[in-house]
Every structure is written in C-alpha cells, then in structure tokens.
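See below for the structure under consideration.
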Amino acid sequence: MALQVHQFPCRTDNYGFLAHDPRQGVTACIDTPDEDPINAALEEKGWHLTHILNTHHHGDHTGANTSLKKRWGCTIVGAANDAERIPGIDVGMTDGDQYQFGSLTADVFEVPGHTTGHIAFYFSSEGIAFVGDTLFALGCGRLFEGTPEMMWNSLQKLMALPDETIVYCAHEYTQSNAKFALSVEPENAELVARSQKIDALRAVGKPTVPTTIGQERATNPFLRPMSENLQKTIGLSGADLVSVFAETRLRKDNF
C-alpha cells in the first residue's frame, strides 16, 4: 500500500488523519479539527504538511485551516460549491473530479446531507475512503442542511464502493451508535456480535475507526432501510427506502 495513514484523537471525539505518500513525500491532513494535535502528529512522523483535504465546512473540520496554511504553506482542497465557507481554500472540487495527490489519485464524491457542500475522497488504488461526517461506523451524519433523500443518495454512492474499502470517518461515535442500531434492528446477529466487540474495544480505550464498507452494509441501520427487521421495528414494513431512512434518522435524533 502506497498511502500511509496515521490516525490520532483530536478534541473530545474527533479523529485527525494524516495521509502520506512516501514516493513523493507529500502529506495531507484530512480536515483540521485542532492545530496542536496535528502539528504534534506531523512532528512525530517527521512529515511535512503539503495539503489539507477538507470534507465540509464545520469548525471541527476546518478550524485550523488558516493557521496550518500559514505555518506550512499547504494547499487546501475542498468542495467548489461551498468554497465561501472553507477557510483558505485553493482548489475547489466537484462530483466526479479527480485530485492528484503525489503519485496517487483521489476520486471526489459529492455526498451532501449533513451539509450541502460535503465531499468524500476515495483512493481507489489503496481501497481507502475519507468520508468526513457523511458516514460513521454504525451511523451517518445528522441532517443539518440536507434532506433525507439527499443523504440517502449520498450514502448509496459510498455503499457502491467495494466491501473491503477501508472507511475513515471523523468521530468516535460507534458505541452510542451501536445502542441505537440494536434498538431498530435487534434481530441482526452480525450487529449484536459487532456491538459486543465495540464495547470491548472502548472498555480499554481503543478506537473503533476505521471500519469497512462491507461491515457497514451488514450492520449500519442507515445503510439498511431495505431490512425487513428494521422496517417492522419502526412500523414501516414495505415502505419506500427514503421514508424508512428518514424515520430511522428521526429516531436517532431523538434517541
């Protein structure tokens, strides 16, 4: 694998990610939740920050853009349709674009719903996706700016990636997400087993991120509106998938 990923905690429940291409010596930070942990991680690894790849505009994802750019002179890449809310942006990307990062190419997907200007970066040669707050381990982002239909369409783009795709999501929400997932799909044996493993990891302070597309397809209720067990539990047997997704998201908001 050519892309080296270093994951580290930021703020209260964010993760920071450094993505490094050793062949050309470039390093990207995926979002900028907090300046000090990012600089510490760069120092620890001995890497020079050349890029910031922003998934969306929220402050816990862009808050250190300006200070890091001032220190490192890095290039900031973000959603073209949200450029006015991405501090210091240099390169705007739209759905279907490709961004050349050193010797590697990132496919850019527009995945709105959490915000209207959310993008994800997928390195197909590496089988790695950075998805920001669109998809979480056993969850999805709250719909602050988008509609259920918009978010469901976005999630389907990510679901179409190969099952083995490694998914780096931006927050450690998995344990609470698992409790909700079990409340809406209690008969999912794979989910029950996964929840137990999550509890064991968190009991010793270990991360539950990254995950994989295959694991999410099998256990994440927001990718499973077609599940008969889920539909029955929420009283929408046979309903269209957007309606099932919308009700699932509403229940999570009030869980």
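The values are calculated or read from the model by the stated rules, or taken from the named source; none is laboratory data. These numbers come from a predicted model, not from an experiment. Cβ sites come from the backbone with ideal geometry, for glycine too, and all protein chains shown count toward neighbours.
Within the option set Thr75, Thr66, Thr50, Thr62, being in the same structural domain as His114 (by TED's automatic domain parsing) and free of Cβ contacts under 8 Å to residues at least 24 places away in the same chain holds for one residue only, Thr66. Across the range 117-138, the number of residues qualifying as over 16 Å from Asp95 (Cα atoms) and surrounded by fewer than 24 Cβ atoms within 10 Å (Cβ to Cβ) comes to 4. Counted as qualifying within the range 54-165 are no helices (runs of 4 or more DSSP H), as none has 2 or more residues that are out of contact with any strand residue (DSSP E or B) (no Cβ under 9 Å at 6 or more places or on another chain), over 18 Å from Tyr15 (Cα atoms) and acidic (Asp, Glu).
Looking at Thr94, Thr55, Thr66, Thr116, just one residue is over 16 Å from the mean Cα position of the chain (by Cα), closer than 29 Å to Leu161 by Cα and of a type outside the set (Phe, Trp, Tyr), and that residue is Thr94. Residues in the range 92-107 that are free of Cβ contacts under 8 Å to residues at least 60 places away in the same chain and closer than 18 Å to His20 by Cα were compared, and the one that is surrounded by the fewest Cβ atoms within 10 Å (Cβ to Cβ) is Gln100.
Cβ-Cβ contacts under 6 Å between residues 6 or more apart (or on different chains), taken from a first residue in the range 143-155 that is in the same structural domain as Val131 (by TED's automatic domain parsing) and over 11 Å from Arg249 (Cβ atoms) to a second residue that is among the hydroxyl-bearing types (Ser, Thr, Tyr) and modelled with pLDDT of 95 or more, are listed as Glu145/Thr115; Glu145/Thr116; Ser154/Thr134. On inspection, Ile128 fails the criterion of being in contact (Cβ under 8 Å) with a residue 40 or more places away in the chain, assigned by TED's automatic domain parsing to the domain that holds Met151 and under 16 Å from Leu155 (Cβ atoms). When the range 62-84 is filtered for residues that are among the β-branched types (Val, Ile, Thr) and over 18 Å from Gly102 (Cβ atoms), the ones remaining, listed by number, are Thr62, Thr66. For the range 7-25, filtered to residues that are among the charged types (D, E, K, R) and touching a strand residue (DSSP E or B) at 6+ places or on another chain (Cβ under 7 Å), the residue that is modelled with the lowest pLDDT is Asp13. For the range 11-32, the tally of residues that are touching a residue at least 60 places away in the same chain (Cβ under 8 Å) and either assigned to a strand (DSSP E or B) or touching a Ser or Thr at 6+ places or on another chain (Cβ under 9 Å) (or both) stands at 12. Exactly one residue out of Gly205, Gly214 is under 21 Å from the mean Cα position of the chain (by Cα), surrounded by 14 or more Cβ atoms within 10 Å (Cβ to Cβ) and among the small types (Gly, Ala, Ser), and it is Gly214.
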